[in-house]
Each structure stands twice: as structure tokens, then as C-alpha cells.
1. Yes or no: the stretch 10-18 includes at least one residue that is touching a Phe, Trp or Tyr at 6+ places or on another chain (Cβ under 7 Å) and not acidic (Asp, Glu).
2. Can you tell me which residue within the stretch 117-128, out of those that are within 25 Å of the chain's Cα centre (by Cα) and not aromatic (Phe, Trp, Tyr), is surrounded by the fewest Cβ atoms within 10 Å (Cβ to Cβ)?
3. Mind listing just one residue for me: the one in the stretch 3-42 that is of a type in the set (Phe, Trp, Tyr) and either closer than 21 Å to Glu58 by Cα or in contact with a strand residue (DSSP E or B) (Cβ under 9 Å, 6 or more places away or on another chain) (or both) and, of those, surrounded by the fewest Cβ atoms within 10 Å (Cβ to Cβ)?
4. Being modelled with pLDDT under 95, of a type in the set (A, V, I, L, M, F, W, C) and within 29 Å of Gly156 (Cα to Cα) narrows it down to one residue among Ala145, Ala107, Ala54, Ala80; which is it?
5. Can you give me the number of residues within the stretch 93-135 that are free of Cβ contacts under 8 Å to residues at least 60 places away in the same chain and either assigned to a strand (DSSP E or B) or among the hydroxyl-bearing types (Ser, Thr, Tyr) (or both)?
Amino acid sequence: MADENLWRRSGRFLEGLETVTMVFNMVVVFAMMAVVVFGVVMRYVFNSPVSMVAELTEFMMVSLTFLTIAYIQHARRHVAVSFLVTRQSQRTQWLLGLVITGIGLVAFVLITWAGWRFAYQAWEFDFHSEEADFPLFPARLLVPAGSLLMCLRLIGDLVRGIRSKAMLGPSEEIALETDEIAVEKEH
């Protein structure tokens, strides 16, 4: 029972973090739009281009890319090529789901590790961008932060997949849901 409560609280905490990153990125999208509009107005209306616009927009894209992946995984909205998987038995689908999730976890552990090294290097040597002289550490830190969230989400998916199979018993089988399987269940 205590394990179940810990599992639920951990899941809610992770969902909360994912929601915070999505709300943050909504603000980032708005800010990116404002920066781009500012750059266009300065360039074409006042004939005075601002060099920092491109760099600032690139930094914001890092946030949009890495801080959203865990939320998108949780919502099951990543692009999935499932035409081969859906033709397999439920047991094979379940097993393939676990294997693919495990491979994703390994990949994101490596991205988190390499991203942290890359960010730490920017911190240690005080790297700055070339044109606008922005410190690179915050933007580089977004890569391992988002990747770590994705690792936690994939661990949760693996545990949930394994636990769901263990709770059902040997005669029943379950597949990790893909968009196609979920749609088939609705109809």
C-alpha cells in the first residue's frame, strides 16, 4: 500500500512538472513571437536590424524542443509508426512497447549525460554567444533538464507497463497504448 501511494504521488509530481514546463513554454512561444515581430519591425520599418533576435529565438527553440518532450510522451502525442505493431498479438504489442520504451530510456539517459557535460562546460568556462553575448549555460542546461524529465516519464511508462501485465495474470494480456490502438478501442 505504501508503495502504491509513493507511486501515485511520484506520478502526480511528474505530471505537475510536465504541466509547469508546458505553461512555461506557452509563455516562451508568446515571447518568441514578440521577439520576431520586434526584429521584423526594427529591420523593415526602422531600417535598423537587431542581431540578437536570431540568437534569442534559437535559445527559445531549445526550450520548446526539450522541455516539452516529457509532456508530449505523457499525452501520447509523439509521432508513432504503428502499422506493423498493431498487426501483432496483444502480448507482442505489449512486449514491443516495453522494448521500444527501454531503448528510448537508454537514448535519453545518454542525451541527459552528454547534455549535462555540455552545459557544465559552458558554466565552467563562462561561454557566451557570439553576437549578443548571452551566457550559454541556461540554454544548454535546458537539454539535460528536459531529457531528465523524459527519462522519468519513460521509467514511469516502463513500470506502469510491467505492473499492468503483472496485475492481470497469465491469461490476460495488455498492450502499451499507441494512438491507433486507443482509437480502435473507442470504435
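The values are calculated or read from the model by the stated rules, or taken from the named source; none is laboratory data. Note that this is a predicted model, so its numbers are computed, not measured. Cβ: placed from backbone, ideal geometry, glycine included. Neighbour counts: every protein chain shown.
1. Initially, the stretch 10-18 is screened for residues touching a Phe, Trp or Tyr at 6+ places or on another chain (Cβ under 7 Å), giving 18.
Filter once more, so that each one left must be not acidic (Asp, Glu): none.
No; the residues of the stretch 10-18 include none that is touching a Phe, Trp or Tyr at 6+ places or on another chain (Cβ under 7 Å) and not acidic (Asp, Glu).
2. At the first step, the residues of the stretch 117-128 found to be within 25 Å of the chain's Cα centre (by Cα) are 117-123.
Those left that are additionally not aromatic (Phe, Trp, Tyr): 117, 119, 121-122.
Working: Arg117: 11, Ala119: 21, Gln121: 13, Ala122: 17.
The selected residue is Arg117.
3. Our first condition is that a residue be of a type in the set (Phe, Trp, Tyr); within the stretch 3-42, this holds for 7, 13, 24, 30, 38.
Checking the rest, the ones that are also either closer than 21 Å to Glu58 by Cα or in contact with a strand residue (DSSP E or B) (Cβ under 9 Å, 6 or more places away or on another chain) (or both) come to 24, 30, 38.
Details: Phe24: 13, Phe30: 10, Phe38: 14.
My answer is Phe30.
4. Exactly one of Ala145, Ala107, Ala54, Ala80 is modelled with pLDDT under 95, of a type in the set (A, V, I, L, M, F, W, C) and within 29 Å of Gly156 (Cα to Cα), namely Ala80.
5. The total comes to 4.
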